[in-house]
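Trainee: A single structure is presented below for examination.
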Amino acid sequence: MKKNDARKLSTDAQQQIRYQVIRLKKQGRTREEISKITGVHRSTCSQWWSLYRAEGKKALKIKKRGRPPGSCRTLSPEQEKELRKAIHDKCPDQMKLPFALWTRIAVQQLIRQLWSIHMPIRTVGEYLKRWGFTPQKPLRRAYKQNPKAVKKWLNDQYPTIVKRAKKEKAEIHWGDETGLCNDSYHVVGAMRRVDRHRQSGFIPDANGLI
């Protein structure tokens, strides 16, 4: 009889075959009979039976193969936690890096700066993806974001600022997420507060305009 290649079976199927061998053995079947029924070699059947008699059913439990999760990672769990917190709470320039936004290269340099580890850029990307950091979607949105208020401000108040800037021969500069913090202020014809985590647009703030 053709023997089954257990390696091609699912873990659950392999497990059931082991239990079947034990049941048949308990019924008084010989090794030859069990081998023909299950397709498992006689010596393997004997080995499973010996394990069962010595340690019970738990000895037949198939153990997970391969390396434990995370065993091949470059960073330790503590280092991962520290790095994620830095990316989440700070801008690159606050970590003394020459970048406005977090990119794979910026994170790569931060890792080298903190632990003297030169991590390949592809590996950096894998870490960021695992943590939920993606180029398309920021980790969190600005808590002051209000599209309706932005539109209203642009229609009602911004024209006045444009006229004032023109009269005073001033320039109007727009700030975005490029490294500005909640307590940062820029004054060039108009002053406004910028949320560091703002993705784009303007945050109306009655107390931030002069």
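Trainee: For ASN155 and ALA54, calculate 0.36 nm times their separation in residues minus their Cα-Cα distance, and state this gained length in nm to one decimal.
Mentor: That pair, ASN155 and ALA54, stretches by 28.1 nm at full extension.
Trainee: Could you pull out which residues in the range 46-65 have an amide N less than 11 Å from a spot 7 Å beyond the Cα of SER10, following the Cα-Cβ vector?
Mentor: The answer is none, because no backbone nitrogen lies closer than 11 Å to the label point.
Trainee: Quickly work out the LYS163-to-ILE105 label distance, labels modelled 7 Å from Cα along the C-beta direction, and quote it in nm with one decimal.
Mentor: The answer from the label model is 4.5 nm.
Trainee: For the pairs LYS36/LYS58; LYS81/LYS129; LYS25/LYS63; LYS25/LYS61; LYS26/LYS57; LYS26/LYS58, flag any whose C-alpha to C-alpha distance is greater than 20 Å.
Mentor: Too far apart for the 20 Å limit: LYS36/LYS58; LYS25/LYS63.
Taken together, the values in this text are just the output of simple stated rules run on the coordinates, not laboratory data. Source: prediction; values computed, not measured. Every residue, glycine among them, receives a Cβ derived from its backbone with ideal geometry; neighbour counts consider all protein chains shown.
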